[in-house]
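The values are calculated or read from the model by the stated rules, or taken from the named source; none is laboratory data. Quantities reported herein were computed from a predicted structural model and do not represent experimental measurements. With ideal geometry, Cβ positions are generated from the backbone for all residues, glycine too; neighbour counts draw on all protein chains shown.
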RNA sequence: GCAGGUGUGGCGGAAUUGGCAGACGCACUAGACUUAGGAUCUAGCGGAGAAAUCCAUGGGGGUUCAAGUCCCUUCACCUGCACCA
């Protein structure tokens, strides 16, 4: 019937040669910026999952272009990172070569699928012309005091021999290889992301992200309000400060707990009589992995510190101090006040070690469990008698502040971003260390600091980047004093390059700035940003942080980078499981294109189900979509001349235009395809259709199946390709039928239907309903109690 | 434990937001055309029933003339966070 390969090639060539999708930064049209996460160009090629999200946004981009928007729909490559490096280690090849090959493959596949990217704006994060600006921006962070080097206990992957950020070591497991992570003390570059906690939270209000993405970010930032309380140490200068969200229970404190890493343990080691026991516990805590330590089912452990006590500022009582690993070093102050009567964890600890429990809120039974509800305050000095938690908290905080015992405090779970990786394949951090001057930033003129090739890509055993072995490169002179200095050998994390790439697309060839302010202002916020759910608390948070920083520096015009963020569901294997080589359920898009054509694959992936939900692959479904396209092709035989819609199709056509346009904008692609199927089914019932009828069908289908529809458009004698033609418009008045079907029910049960004119009055509808045979039968011998008439919809008669 | 989400035929999924549940597609069944069918066409397709009709949107309860949709309750599964003080 037709050769889809020829059709694809023909139109792909046409778009390439005509530069159909090249976008200008100067236009009278309204701008629209559609962005889909750029892929990591791995060796395995494009995944059918990529095809889903790319087609979805491609359809949106194609439609909006035809509707007169100036659409920016770019593509590039996030090419630094582990897979290329792993491959390089194994095969002893320069990762850049491998990356180049992979990009070629990906790009070929994308073109083969007919995505309308503006290829003139393509770049890779590994291009020196690009990472020059990543380094440049790092220096801006440094200048602003937001990049600092700190010896930190970091998440360490013993397999990859590298440090990981908290986001990359979620659940105590290495994101890359799945190994259990350890804690390791190491000097690391850090970015002060925690300074932006509140802003990142507030900024969400300016966005239109999906709720689950917002919630994930809100949880991750983890804001909690409470107070810092200072407990004086007995016979010592220092105070033991704790963060608590329940300062109202301060009178119920019966012990304190420090994390095993608390600095006072070292500072006061000479005073602590059982220091050996304490050290032993510290060792024990360290030996545990994150998973073991946070295992909620395990029993509480801990050691009482002998020789160090503190004083409750409210009542002057002497309080014992313990150490336990249920208190985390990196949250709050690394120490807590324990109120066993009203906190489950403290209760468990107190029960195990026989510590006294003082209730300060009435309710519950402290013999059985900690009472966490509200109630009347008791044993609580100034708070006695209060029953409202909020009032109690406010009152005690102002009391603490007045006396200098503490202050109101908001805490965030979000930590600073660990920005160093002990890896080769990443952006070099443009810093040098001079014995005399300390850490010195590279002057901006010296950027890019090119990543040199190395003899071996393996990280060293002591956890240094392979760059440390490139002596020519490492040894340099200090930009400040000219003396001998050494370059930083750690590289940036994979997330660096993707933290600003959407800005570069606006002005990709600029060698004076990362993007001109004019270009940034013209394109503004990304209107529609699509990506995976797995990035909700990583890439998306890093990117927002980075962008907000640039905004503070006056380098970008908007506070937030993305207006709307959507996430696509995964394409699962035919067995409903995640596609993986080991499960043997991977579907290669190339094979599908070869067998059914790009348009069929695109159509199927749009039709597969709710865009946001996971969906299992089913090749029969793909066949069905191929059949649909074949049907559309065959309908060409029914076309007769005519510049107007057939009279009996007019309403349906207008309805379909409305539905398809709306569905593509709101990402309800499955129902858009379904509407087009309904329309073509209708066409098929007819002897003939007009050219106008046919053209509207192929035009509406064009964003989803661009090749075959362009071809058909040409075959019916049209000179201008669809992509250069205005998208069909609908007439609202013609989306409603002049007659409607009215349902008639008795006691809410459907008994009959009849046709009525649109907007017929209630009395008429009721009369007509009552005349129906089946209705009369049901009314016989019954008493009518109530009659409800909803115009254009339903008549319901209630009888007894 | 906390937060978010989902639950509708054999399957993927619709349902204009309270108004005819199951659109559209797949699979399946029967038939037509055919040398052939992974093509095409016709008919059927939630369950029970000859039919009238009854039952049916995870379970139970409620509001309403009317509930997949709203409220309460319960169960199951998925995702994220999790000894965060």
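Computed values, structure above
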| read-out | value |
| --- | --- |
| Any hit, the stretch A:541-558, residues being under 30 Å from residue A:622 (Cα atoms) and touching a residue at least 24 places away in the same chain (Cβ under 8 Å) | no |
| Any chance residue A:243 is touching a helix residue (DSSP H, G or I) at 6+ places or on another chain (Cβ under 9 Å), within 13 Å of RNA strand B (Cβ to nearest atom) and modelled with pLDDT of 90 or more | no |
| Hey, residue A:299 within 13 Å of RNA strand B (Cβ to nearest atom), within 28 Å of residue A:397 (Cβ to Cβ), modelled with pLDDT under 95 and under 41 Å from the mean Cα position of the chain (by Cα) or not | no |
| Residue count for the stretch A:754-772, restricted to those that are surrounded by 14 or more Cβ atoms within 10 Å (Cβ to Cβ) and outside any helix (DSSP H, G or I) | 4 |
| Flag for residue A:280 being loosely packed, with under 13 Cβ neighbours inside 10 Å, assigned to a helix (DSSP H, G or I), at negative phi and modelled with pLDDT of 90 or more | yes |
| Residue pairs meeting the criteria (Cβ under 7 Å; at least 6 apart or on separate chains; first on the phi < 0 side of the Ramachandran plot, in the stretch A:610-622; second within 6 Å of RNA strand B (Cβ to nearest atom) and assigned to a loop (DSSP other than H, G, I, E, B)) | A:615/A:608; A:615/A:609; A:621/A:608 |
| All positions within the stretch A:773-800 that are away from RNA strand B (no atom under 11 Å from the Cβ) and either out of contact with any helix residue (DSSP H, G or I) (no Cβ under 8 Å at 6 or more places or on another chain) or not in a helix (DSSP H, G or I) (or both) | A:780, A:781, A:782, A:783, A:784, A:800 |
| Residue tally, condition closer than 17 Å to residue A:394 by Cβ and at pLDDT 90 or above, over the stretch A:347-375 | 2 |
| Condition met for residue A:370 (in a helix (DSSP H, G or I) and in contact with a helix residue (DSSP H, G or I) (Cβ under 9 Å, 6 or more places away or on another chain)) | no |
| Cross-chain or 6+ apart pairs with Cβ under 6 Å, the stretch A:317-336 first and over 18 Å from residue A:286 (Cβ atoms), then in a loop (DSSP other than H, G, I, E, B) and more than 12 Å from RNA strand B (Cβ to nearest atom) | A:319/A:312 |
| The listed residue being closer than 30 Å to residue A:650 by Cβ and near RNA strand B (Cβ under 8 Å from one of its atoms), out of A:769, A:743 | A:743 |
| Selection count, the stretch A:463-482, where residues are touching a helix residue (DSSP H, G or I) at 6+ places or on another chain (Cβ under 9 Å) and farther than 24 Å from residue A:127 by Cβ | 2 |
| Selection count where residues are in a helix (DSSP H, G or I), surrounded by fewer than 19 Cβ atoms within 10 Å (Cβ to Cβ) and at pLDDT 95 or above, scope the stretch A:520-541 | 1 |
| Count of residues meeting criterion [over 20 Å from residue A:245 (Cα atoms) and assigned to a helix (DSSP H, G or I)] in the stretch A:296-352 | 2 |
| Single residue of A:114, A:49, A:43, A:81 found to be on the phi > 0 side of the Ramachandran plot and either surrounded by fewer than 22 Cβ atoms within 10 Å (Cβ to Cβ) or at pLDDT 90 or above (or both) | A:114 |
| Within the stretch A:402-455, strands (runs of 3 or more DSSP E) holding 1 or more residues that are more than 23 Å from residue A:159 (Cβ to Cβ), touching a helix residue (DSSP H, G or I) at 6+ places or on another chain (Cβ under 8 Å) and modelled with pLDDT under 95 | A:406-411 |
| So residue A:396, is it within 19 Å of residue A:243 (Cβ to Cβ), away from RNA strand B (no atom under 12 Å from the Cβ) and either in a helix (DSSP H, G or I) or touching a strand residue (DSSP E or B) at 6+ places or on another chain (Cβ under 7 Å) (or both) | yes |
| Conditions (1) in contact (Cβ under 8 Å) with a residue 24 or more places away in the chain; (2) assigned to a loop (DSSP other than H, G, I, E, B); (3) surrounded by fewer than 22 Cβ atoms within 10 Å (Cβ to Cβ); number of the one not met by residue A:506 | (3) |
| Index of the failed condition, residue A:353 passing every other in (1) farther than 25 Å from residue A:400 by Cα; (2) away from RNA strand B (no atom under 16 Å from the Cβ) | (2) |
| All positions within the stretch A:72-105 that are in a helix (DSSP H, G or I), closer than 29 Å to residue A:163 by Cβ and free of Cβ contacts under 8 Å to residues at least 24 places away in the same chain | A:86, A:90, A:91, A:97, A:100 |
| The one condition in (1) without any contact (Cβ under 8 Å) to a residue 24 or more places away in the chain; (2) buried (at least 22 other Cβ atoms within 10 Å of the Cβ) that residue A:414 fails to fulfil | (1) |
| Verdict on residue A:108 being outside any loop (DSSP other than H, G, I, E, B) and at pLDDT 95 or above | yes |
| Residue, surrounded by the most Cβ atoms within 10 Å (Cβ to Cβ), within the stretch A:570-587, restricted to residues that are in contact with a helix residue (DSSP H, G or I) (Cβ under 8 Å, 6 or more places away or on another chain) and under 17 Å from residue A:46 (Cα atoms) | A:571 |
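To keep it simple, each residue is scored yes or no on (1) more than 19 Å from residue A:288 (Cβ to Cβ); (2) in contact with a strand residue (DSSP E or B) (Cβ under 9 Å, 6 or more places away or on another chain).
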residue: A:313; (1), (2): yes, yes
residue: A:316; (1), (2): yes, no
residue: A:322; (1), (2): no, yes
residue: A:325; (1), (2): no, no
residue: A:329; (1), (2): no, yes
residue: A:341; (1), (2): yes, yes
residue: A:354; (1), (2): yes, no
